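Read through the structure below, which is laid out as structure tokens, and then see the notes.
The values are calculated or read from the model by the stated rules, or taken from the named source; none is laboratory data. Just so you know, these numbers come straight off a predicted model, no measurement behind them. Using ideal geometry, Cβ is built from the backbone for each residue, glycine included, and neighbour counts are taken over all protein chains shown.
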């Protein structure tokens with residue numbers, strides 16, 4: 001199957017993000033015209049590149065430059081991990097990518113995930129992204145190695161018992177202050193981990209919980225298809241919409257909702273299409289997020305000035321949650337975040353690579369206009 005315009009667009013973007021001297025994709029590509037647009041943060045480069053290889057495992061193709069195969073690039077990336085301060089979730093991603101590529105998982109990543117699953121009581125400070133991706137990695141590996149099924153179930157139990165809130169949304173951590181809150185990414189990584197456990201292990205409880213999480217998100221989607229950033233989990237309220245991230249709209253929400261559609265969740269397909277449409281200009285700013293000349297998508301829409309800084313918006317969300325105030329969408333005072341990160345393109349490849357069933361998204365003329 002030849003590439004759709006969307007997949008060709010994403011490949012073009014990855015070519016611009018490629019760092020030939022290190023054989024991986026960059027942490028960040030600046031879209032504001034600075035002299036050297038690619039910014040490298042080695043441990044983040046590695047993780048983001050693993051996310052891109054996950055996309056290549058589905059979309060096919062090789063890395064830019066010398067045309068290194070996805071499997072060879074995976075080996076190169078994972079060989080560097082022990083020498084870098086990798087986040088916990090990188091090890092789960094490595095197991096997931098290995099399963100998708102059909103290659104052996106790196107021993108250091110497998111050992112890390114096994115140790116985590118053997119003592120889940122010690123993971124109270126872990127984030128939902130870390131727990132969810134370790135669950136995803138172990139679940140995919142357990143499909144072929146039954147000895148890993150108990151480890152995968154232990155991580156599933158941690159998601160269901162330590163992260164699940166009263167409204168089918170998920171806390172950002174099993175304990176501590178973050179337990180009251182969750183971001184959109186928290187929901188995606190928790191939900192994906194549960195879908196993977198349900199599908200790889202035949203776990204009906206995990207699958208039902210994943211469907212309920214997807215339904216809770218669909219019920220809270222914004223009027224223009226926005227996926228909100230910050231939730232107060234005990235009440236189930238959205239307490240801050242911003243930043244609205246493009247990757248949530250075009251890559252991460254579809255990664256979750258494809259599972260929901262496959263398992264018959266009403267409204268899931270429509271929510272995915274509406275959310276993706278946000279990037280074409282059906283958004284608060286009324287402007288396209290695309291950079292067709294580069295094959296990139298502007299990272300987000302955020303509040304301008306001090307009110308858009310991460311610490312300020314986190315404080316605002318916490319205060320709204322404590323006071324019982326719902327977050328408000330606003331159409332003024334917004335600005336673009338002029339960058340893109342390579343993993344965002346990886347999620348496009350994963351969510352839409354090899355697919356022909358969403359032509360209203362994948363075959364848009366905007367992806368070929370330069």
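What the table below lists for this structure:
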quantity: Which listed residue, of 274, 299, is modelled with pLDDT of 95 or more, under 20 Å from the mean Cα position of the chain (by Cα) and surrounded by fewer than 21 Cβ atoms within 10 Å (Cβ to Cβ); calculated: 274
quantity: Residue in the range 106-122 that is part of a loop (DSSP other than H, G, I, E, B) and without any contact (Cβ under 8 Å) to a residue 60 or more places away in the chain present; calculated: yes
quantity: Residue check for residue 29: touching a helix residue (DSSP H, G or I) at 6+ places or on another chain (Cβ under 6 Å) and part of a strand (DSSP E or B); calculated: yes
quantity: Which listed residue, of 226, 284, is at pLDDT 95 or above and more than 30 Å from residue 150 (Cβ to Cβ); calculated: 226
quantity: Meets criteria (in a helix (DSSP H, G or I) and either buried (at least 16 other Cβ atoms within 10 Å of the Cβ) or modelled with pLDDT of 95 or more (or both)) for residue 254; calculated: yes
quantity: Residue list for the range 193-232, restricted to those being without any contact (Cβ under 8 Å) to a residue 12 or more places away in the chain, within 20 Å of residue 133 (Cα to Cα) and either touching a strand residue (DSSP E or B) at 6+ places or on another chain (Cβ under 6 Å) or assigned to a helix (DSSP H, G or I) (or both); calculated: 204, 208
quantity: Matching entry among 103, 53 (being in contact (Cβ under 8 Å) with a residue 12 or more places away in the chain, in contact with a helix residue (DSSP H, G or I) (Cβ under 6 Å, 6 or more places away or on another chain) and either farther than 24 Å from residue 252 by Cα or outside any helix (DSSP H, G or I) (or both)); calculated: 103
quantity: Residues located in the range 59-72, provided they are touching a residue at least 24 places away in the same chain (Cβ under 8 Å) and closer than 20 Å to residue 106 by Cβ; calculated: 63, 68, 70, 71
quantity: Boolean, residue 269 is on the phi < 0 side of the Ramachandran plot, surrounded by fewer than 21 Cβ atoms within 10 Å (Cβ to Cβ) and assigned to a helix (DSSP H, G or I); calculated: yes
quantity: Residue under evaluation residue 41, criteria (1) free of Cβ contacts under 8 Å to residues at least 40 places away in the same chain; (2) surrounded by fewer than 16 Cβ atoms within 10 Å (Cβ to Cβ); (3) touching a strand residue (DSSP E or B) at 6+ places or on another chain (Cβ under 7 Å), criterion not met; calculated: (3)
